[in-house]
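Worksheet for the structure shown next.
The values are calculated or read from the model by the stated rules, or taken from the named source; none is laboratory data. Since we're looking at a predicted model, the values are computed, not measured. Methodologically, a virtual Cβ is constructed for each residue, glycine included, from the backbone with ideal geometry; neighbour enumeration extends over all protein chains shown. The area values use the complete protein model at the heavy-atom level, side chains included, leaving out ligands, DNA and RNA. Shrake-Rupley method; radii C 1.70, N 1.55, O 1.52, S 1.80 Å.
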Amino acid sequence: QVQLVESGGGLVQAGGSLRLSCAASGFIDGINTMGWYRQAPGKQRELVATITSAGVTNDADSVKGRFTISRDSAKKTVYLQMNSLKPADTAVYYCLFARAGVIAWGEGLLVTVST
């Protein structure tokens, strides 16, 4: 099994920054992808950014140039640095771990961006 522990959500003013962290434990060896999805009220869960164990990233167009995903393999942690936040970024952010035959989600972090 894989366990994910998220931290770093909260309330921030528009234009501000937050950094989300997600630490993975359990059976996480081998080729895998970690990342972040988000779900705003009344909307479907959508991709924010992912990063593979080889360091290949994939970002949603809506966050390009503002959000940066990174990972620390030694700490088994993925980070999402969010800059120039907008009210439209308000959502619950979920950490994802995926590898062959396994998908795990974190419990979610609320990020609220005020005007």
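Only a single item in (1) open to solvent by less than 30 Å² (accessible area, probe 1.4 Å); (2) β-branched (V, I, T); (3) part of a loop (DSSP other than H, G, I, E, B) is not met by V78, and it is number (3). Among what's in the range 54-75 and is in contact with an Asp or Glu (Cβ under 9 Å, 6 or more places away or on another chain) and either in a strand (DSSP E or B) or within 16 Å of A23 (Cα to Cα) (or both), pick the residue that is most open to solvent (accessible area, probe 1.4 Å). Here the answer is T68. Going by what's in this entry, would R19 be described as open to solvent by 60 Å² or more (accessible area, probe 1.4 Å), under 12 Å from the mean Cα position of the chain (by Cα) and at pLDDT 95 or above? Considered against the rule, which asks whether it is open to solvent by 60 Å² or more (accessible area, probe 1.4 Å), under 12 Å from the mean Cα position of the chain (by Cα) and at pLDDT 95 or above, R19 comes out as yes. Inspect the range 12-24 for any residue being of a type in the set (A, V, I, L, M, F, W, C) and over 19 Å from E107 (Cβ atoms) and give the result as yes or no. Looking through the range 12-24, at least one residue is of a type in the set (A, V, I, L, M, F, W, C) and over 19 Å from E107 (Cβ atoms). Per the listing L47, L96, the residue uniquely in contact with a Cys (Cβ under 9 Å, 6 or more places away or on another chain), at pLDDT 95 or above, surrounded by 13 or more Cβ atoms within 10 Å (Cβ to Cβ) and under 21 Å from L110 (Cα atoms) is L96.
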